[in-house]
Amino acid sequence: ITRDDFFTIRVDHKLVKDTLSGSYSFDKSDASQTDEFNNKSITSGTRRQVVSFEDVHVVNPAVVNSLRLGVNRVHASSPESTTALNPLAADPSLGTVPGDSAPTVSVPGLTNFSGGLSTQAPQFFNWTSWQAYDSILITRGIHSLSFGANVERMEDNNFQVAHPGGTFSFNSLSDFLTNTPHSLKCDLPQYVTERGLRQTIVGAYVQDNVRLRPNLTLNLGLRYEPET
């Protein structure tokens with residue numbers, strides 16, 4: 001089952017020397033499906049929101065300044081939630097890790113058993129970008145000169161679990177029938193933490209479009225954009 005919701009709102013306002021524009025977009029998508037044996041229902045979701053604002057100011061007929069501000073935020077979770085269709089999928093007495101439900105079981109030649117609710121531990125990703133741009137356009141003779149600067153601050157928070165609830169792997173069917181696993185992988189809850197990354201980009205540029213002839217324009221430019 002998949003559901004998508006999307007809408008955009010845009011507003012423009014014209015003043016004597018300024019043109020103001022703003023927009024907001026929202027995009028949400030959810031997907032639900034059952035596991036391989038209909039023991040549980042798994043729902044994953046994504047959301048994206050974008051807000052932008054622009055002010056174009058006419059200083060004089062030959063000079064125009066443009067200021068743009070924006071925020072872009074993305075959220076994704078997989079799964080966002082789980083529901084036990086079979087009560088045993090939520091039974092902690094079947095767990096390998098204390099407090100968790102049944103683990104994942106992998107046997108060559110058989111359909112993998114994805115375990116109980118604990119093996120679908122929420123994993124999320126949140127990314128936010130704050131942006132600001134300012135540029136000036138100057139027209140003089142055959143020259144169309146523009147220069148400006150920008151700054152972008154990115155914030156990334158994520159939480160991931162590699163083997164929630166534990167994963168048993170068997171080398172063969174006979175090993176499975178005699179309860180002789182090859183390995184057990186699991187994440188201990190006290191060692192699973194949220195991680196945050198931060199990055200800043202600062203840029204500056206200058207460009208000159210020189211119209212040498214009606215059918216020949218020379219584009220000269222330089223841009224510098226370091227990031228942390």
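The values are calculated or read from the model by the stated rules, or taken from the named source; none is laboratory data. These numbers were taken from a predicted model, which means no experiment stands behind them. Quick reminder, even Gly has a Cβ in these numbers, built from the backbone with ideal geometry, and neighbours come from all protein chains shown. Heads up: the accessible areas ignore ligands, DNA and RNA and are worked out on the full protein's heavy atoms, side chains in. Shrake-Rupley method; radii C 1.70, N 1.55, O 1.52, S 1.80 Å.
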Looking across region 180-201 at residues that are modelled with pLDDT of 95 or more and not aliphatic (A, V, I, L, M), the single one that is surrounded by the most Cβ atoms within 10 Å (Cβ to Cβ) is Pro181
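Quick check, is Thr139 outside any strand (DSSP E or B) and more than 33 Å from the chain's Cα centre (by Cα)?
Details: outside any strand (DSSP E or B): no; more than 33 Å from the chain's Cα centre (by Cα): yes.
Considered against the rule, which asks whether it is outside any strand (DSSP E or B) and more than 33 Å from the chain's Cα centre (by Cα), Thr139 comes out as no.
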Here the qualifying pairs (Cβ atoms under 8 Å; residues six or more apart or on different chains; first in region 80-94 and within 22 Å of Thr2 (Cβ to Cβ); second among the acidic types (Asp, Glu) and open to solvent by less than 80 Å² (accessible area, probe 1.4 Å)) come out as Glu80/Asp30
Of the residues in region 124-153 that are open to solvent by less than 60 Å² (accessible area, probe 1.4 Å) and among the small types (Gly, Ala, Ser), the one that is farthest from Asn60 (Cα to Cα) is Ser129
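Any residue at all in region 70-84 that's assigned to a helix (DSSP H, G or I), under 30 Å from Asp175 (Cβ atoms) and in contact with a helix residue (DSSP H, G or I) (Cβ under 6 Å, 6 or more places away or on another chain)? If you could, list the steps in order and put the result at the bottom.
Looking only at region 70-84, we keep the residues that are assigned to a helix (DSSP H, G or I), and these are none.
Looking for residues that are assigned to a helix (DSSP H, G or I), under 30 Å from Asp175 (Cβ atoms) and in contact with a helix residue (DSSP H, G or I) (Cβ under 6 Å, 6 or more places away or on another chain), one finds none in region 70-84, hence no.
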- Message: Given the condition touching a Ser or Thr at 6+ places or on another chain (Cβ under 9 Å) and on the phi > 0 side of the Ramachandran plot, answer yes or no: does some residue in region 84-104 qualify?
- Response: yes
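For the structure I just gave you, tell me whether Ser66 is under 19 Å from Asp134 (Cα atoms), in contact with a Ser or Thr (Cβ under 7 Å, 6 or more places away or on another chain), polar (S, T, N, Q) and surrounded by 16 or more Cβ atoms within 10 Å (Cβ to Cβ).
On the way: under 19 Å from Asp134 (Cα atoms): yes; in contact with a Ser or Thr (Cβ under 7 Å, 6 or more places away or on another chain): yes; polar (S, T, N, Q): yes; surrounded by 16 or more Cβ atoms within 10 Å (Cβ to Cβ): yes.
Taking the combined requirement at face value, the residue satisfies it.
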Restricting attention to region 22-69, the residues that are farther than 30 Å from Gly115 by Cα, of a type outside the set (D, E, K, R) and in a strand (DSSP E or B) number exactly 21
